[in-house]
Amino acid sequence: MTDTAIADATVEAQPASYLAAGHTLLSWLTTTDHKRIAILYAISITFFFFIGGIAIALVRLELMTPQGLILTSDAYNRLFSLHGIIMVWFFLVPSIPATMGNFLLPLMIGAHDVAFPRLNLLSWYLYVFGAAFTVYALISGGVDTGWTFYTPLSTNYATGYVIAAAAGVFVVGFSSIATGINFIATAHMLRAPGMTWFRLPLFVWAMYTVSMVMVLATPVLAMSLLLVIAERAFGLPIFDAARGGDPVLFQHLFWFYSHPAVYIMILPAMGVVSEVIPCFARRTIFGYAFMVYALIAIAVIGFMVWGHHMFVAGQSPLANLVFSFLSFIVAVPSAIKVFNWTATLHRGQITFEAPMLYALGFVGLFTIGGLTGLFLASVPIDIHATDTYFVIAHFHFVMVGGTVSAYMAGLHFWWPKVTGRMYSEAWARFAAITTFLGFNATFMPQFVMGWNGMPRRYHYYPDVFQAWHVMSSVGALILAVAYVLPLIYFGWSMIYGRRAGANPWNATGLEWQTSSPPAKENFDHIPRIDAGPYAYDESDHPPAAGDRTLVRSQGETA
Amino acid sequence: MTTDRFMTAASDYATQVDSTFWVLVTISGLITLLVASLIAGFCLHYRRGSNARRGRLPERLAYDVEIGWTVATLFLFLFIFWWAASNQLSALDIPVNSLEIHVVAKQWMWRVQQPGGAREINEIHVPENMPVRLAMTSEDVIHDLFLPTMRLKQDVLPGRYTYLWFTATKTGVFHLTCAEYCGTDHSVMAGRLVVMTTPDYARWTNAQPEADDLAHDGEALFRSLGCSGCHAPTSSIHAPDLHGIYGRAVPLSDGRVVTADEAYLRDSILLPAKDVAAGFAPIMPSYRGSVTEDELVKLIAYLKSLSGGPTRLPPQAG
């Protein structure tokens, strides 16, 4: 990185930050600045994260006793459906790409904005429009299909507001597609001079591969939900077996999107962790090229494994074997990434700031989530474990232990860049450790009860499982505290936090070479790049100094 | 209540699944332990300011390490796949001479018909040490019959038959429940699997209220629905003779050859134009809407009885 040139550009003449570019509500709602759009997204998804969180808090409370406490079965079914729909489509899918991706992609490649700034704003309005349908479905009584909308339950039998909920997901899908197209074009067109593909930070690679998956997979979701709406609203018999339709067809279509969607959620998380670990280990990432190939391999093979959701759905045994085989194969690149993150720590100068704690937590929880994925890829194990709490625990290890931990790592890592201020490190470390402990307390018991035969989506359950359910609910309470804490100390930091300086972690990424918060145009003039990322050489990039002043590094070592 | 109703391994297959499971737990426990101790070890040894030796690794070594663990992981995963799959393959063979029990699921109950005609709700009685095959269908949404002690589960679909088969090796009362979310009372769509000794099962069957067996009921339906008007060998209308049809290869008018299993018989009653037997005109009317799932079970049982017994099964294609 041509640090000298950038340092000249940023420190000497400080243009007004993007936050100062307009203070009215209208200035935010009509902005085309990728950084402000990222903030709009962050506020929206945080709102939905807590709505989805309240829904599951009620579910976990209800599950404290085998006969329930306060809810009817219908209310219970609506709450877990709501939790799934909101957490998947209104939080996890947009989480890292729409917030950190939007904010950082242009900064990391040395651009002034994304390729299509107005399309970027449109994508947020699509999100809000889709969210409006979902909120409508929610306040008019909810939806009772589960997040998976399986037919013919969703088309002919469910009594909730299926059409509104499906329409909301349909619309929000186009927001994903718009973001994906924008990121692909940005990565191709707007890289700074000298920023070759193999000098891109891994976060950019993650954004690029995830965009490909979003653009290719999301239309299939749109199609399948449209067919559900057509059957439910107009009686078009696509899935109704009694009129010649095929209910299992829906599952093929749905998982053709929804399995790649798992990778939509995890690839960005891998990107974040690949930025955080080298910074706090003061060590270049181990096996950069393999990390890139692994991202691409996951994105491609991820499209070919959807059938492993249907081992008991009446699929032919031969198809089961093929999908089982491919599911084992897709686990290989994920394993390689875990080994590379671990090896990055080797011979480092490791410090344990909050982002690093979250990132290390990610590696541990993702490892367990991935390994239990191998259990479910084995047909005989899956036959017993599918549709039980074992599956719930598995995918929460990947999506919550994995993606949400990485999201928190990224939030803490780039918070000084976004706001220009530091947060309370002590509280943040406390929250990171609490998250890890609360998470394990919540989901470890679910593996046990799942293998012991506790089916998912059960309002009432046999007494033998009560002890495990109580443990899980207590864990969820700890987790809830760990998720509310950042809201408080981040809020505090926005007003009282210490000024951060351009590069509080003394990190190497291009985004750290501009001011915090960055100027509206990001860079005064576009930087020239002549080396790869992660040049954390001990002499040039010592760990962040105590006073966190901007350390200007001189010269360049690859 | 103890976990026995859930976790007892009540068949040889279940024991086999359990051992696969515990081997996987051991392997992944070791991998987790390896990763965790490497991370913890590195974090301690290479914490900032420690005296550990640092400096660059040779490029070549890093590359070799990378290739090494990629290949090792690939082989380990392929081995687990092969091993789990080969366990599964032997379980795919449908046992011959199995006891065939029909299960019809609906929101939110299981209706069961024993081959002798006895009916049960939310209970399945089976003899031990005898292969049992459940032929299942749904009247409304997708359900899933989950037998935790057999380590088995299978979706139950509307408009189609799916099958589960097992040979119980332990007597006792075990759990049976729905595992595919099916609406309001999904969580109470549960019941009991009762595994009895063979003499007990015989006694239990004899003690059931007098009911004609399925094939008898089916024969009556075959007449009352008018099937016999065309399908009787003496009929003036040109329709296939159904004696011995079950399990036989049937050439179709479009050149395909299908095996006349339950699914074929069912489709031929509900969707007669789908697979027309070679040499016959597509003149049969559809009975969709005019026969219930229970009546279909009886009709098919009758057709099977024309082939010399309800228990002989062809190997399933696929």
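Please count how many residues of the stretch B:10-51 are within 7 Å of chain A (Cβ to nearest Cβ) and in contact with a helix residue (DSSP H, G or I) (Cβ under 7 Å, 6 or more places away or on another chain). Walk me through how you get there before you give the answer.
Here is the first cut: in the stretch B:10-51, the residues within 7 Å of chain A (Cβ to nearest Cβ) are B:17, B:20-21, B:24, B:28, B:31-32, B:35-36, B:38-39, B:42-43, B:46-48.
Next, from what is left, pick out any that are in contact with a helix residue (DSSP H, G or I) (Cβ under 7 Å, 6 or more places away or on another chain): B:17, B:20-21, B:24, B:28, B:31-32, B:35-36, B:38-39, B:42-43, B:46.
Qualifying residue count for the region: 14.
If you go through the stretch B:147-205 one residue at a time, how many are farther than 16 Å from residue B:101 by Cβ and either within 9 Å of another protein chain (Cβ to nearest Cβ) or not polar (S, T, N, Q) (or both)?
30
Suppose we keep only residues that are of a type outside the set (D, E, K, R) and under 14 Å from the mean Cα position of the chain (by Cα) within the stretch B:159-176. Which one would you say is nearest to residue A:454 (Cα to Cα)? Steps first, answer last, please.
Initially, the stretch B:159-176 is screened for residues of a type outside the set (D, E, K, R), giving B:159, B:161-169, B:171-176.
Remaining after also requiring under 14 Å from the mean Cα position of the chain (by Cα): B:161-167, B:176.
On the way: B:161: 26, B:162: 23, B:163: 22, B:164: 20, B:165: 22, B:166: 21, B:167: 23, B:176: 11 Å.
If we take residues in the stretch B:159-176 being of a type outside the set (D, E, K, R) and under 14 Å from the mean Cα position of the chain (by Cα), then B:176 is nearest to residue A:454 (Cα to Cα).
Just need a number here: residues in the stretch A:337-363 that are within 14 Å of residue A:437 (Cα to Cα) and among the acidic types (Asp, Glu).
0
For residue A:115, which of the numbered conditions (1) among the aliphatic types (A, V, I, L, M); (2) in contact (Cβ under 8 Å) with a residue 60 or more places away in the chain; (3) surrounded by 21 or more Cβ atoms within 10 Å (Cβ to Cβ) fails to hold?
Unmet condition: (3).
From the residues in the stretch A:384-393 that are part of a helix (DSSP H, G or I) and buried (at least 24 other Cβ atoms within 10 Å of the Cβ), which one is farthest from the other protein chains (Cβ to nearest Cβ)?
Checked the stretch A:384-393; the qualifying residue farthest from the other protein chains (Cβ to nearest Cβ) is A:393.
Can you name the number of the only condition in (1) out of contact with any Phe, Trp or Tyr (no Cβ under 8 Å at 6 or more places or on another chain); (2) at pLDDT 80 or above; (3) aliphatic (A, V, I, L, M) that residue B:260 fails?
Looking at each condition in turn, residue B:260 falls short on (1).
State the number of residues belonging to the stretch B:271-309 that are closer than 21 Å to residue B:164 by Cα, in contact with an Asp or Glu (Cβ under 6 Å, 6 or more places away or on another chain) and either modelled with pLDDT under 80 or not charged (D, E, K, R) (or both).
Count: 1.
Look through the stretch A:463-488, keep the residues that are surrounded by fewer than 19 Cβ atoms within 10 Å (Cβ to Cβ) and within 14 Å of chain B (Cβ to nearest Cβ), and return whichever of them is modelled with the lowest pLDDT.
If we take residues in the stretch A:463-488 being surrounded by fewer than 19 Cβ atoms within 10 Å (Cβ to Cβ) and within 14 Å of chain B (Cβ to nearest Cβ), then A:463 is modelled with the lowest pLDDT.
Residue pairs, Cβ under 8 Å, 6 or more apart or interchain, first in the stretch A:309-321 and facing chain B (nearest Cβ under 8 Å) and under 13 Å from residue B:143 (Cα atoms), second hydroxyl-bearing (Ser, Thr, Tyr) and in a loop (DSSP other than H, G, I, E, B). List them.
From residues that are facing chain B (nearest Cβ under 8 Å) and under 13 Å from residue B:143 (Cα atoms), the pairs are A:312/A:386.
Any residue that is under 30 Å from residue B:183 (Cα atoms), at pLDDT below 95 and crowded, with 24+ Cβ neighbours inside 10 Å - is there at least one of those in the stretch A:120-128?
Looking through the stretch A:120-128, none of the residues is under 30 Å from residue B:183 (Cα atoms), at pLDDT below 95 and crowded, with 24+ Cβ neighbours inside 10 Å.
How many residues does the stretch A:340-374 hold that are aromatic (Phe, Trp, Tyr) and surrounded by fewer than 24 Cβ atoms within 10 Å (Cβ to Cβ)?
The total comes to 1.
Would you confirm, using the coordinates I've provided, whether residue B:60 is at pLDDT below 85, over 37 Å from the mean Cα position of the chain (by Cα) and assigned to a helix (DSSP H, G or I)?
Details: at pLDDT below 85: yes; over 37 Å from the mean Cα position of the chain (by Cα): yes; assigned to a helix (DSSP H, G or I): yes.
Taking the combined requirement at face value, the residue satisfies it.
The values are calculated or read from the model by the stated rules, or taken from the named source; none is laboratory data. This structure is a prediction, so every number in the text was calculated from the model and none was measured. Here Cβ is always computed from backbone atoms with ideal geometry, including for glycine, and neighbour counts include all displayed protein chains.
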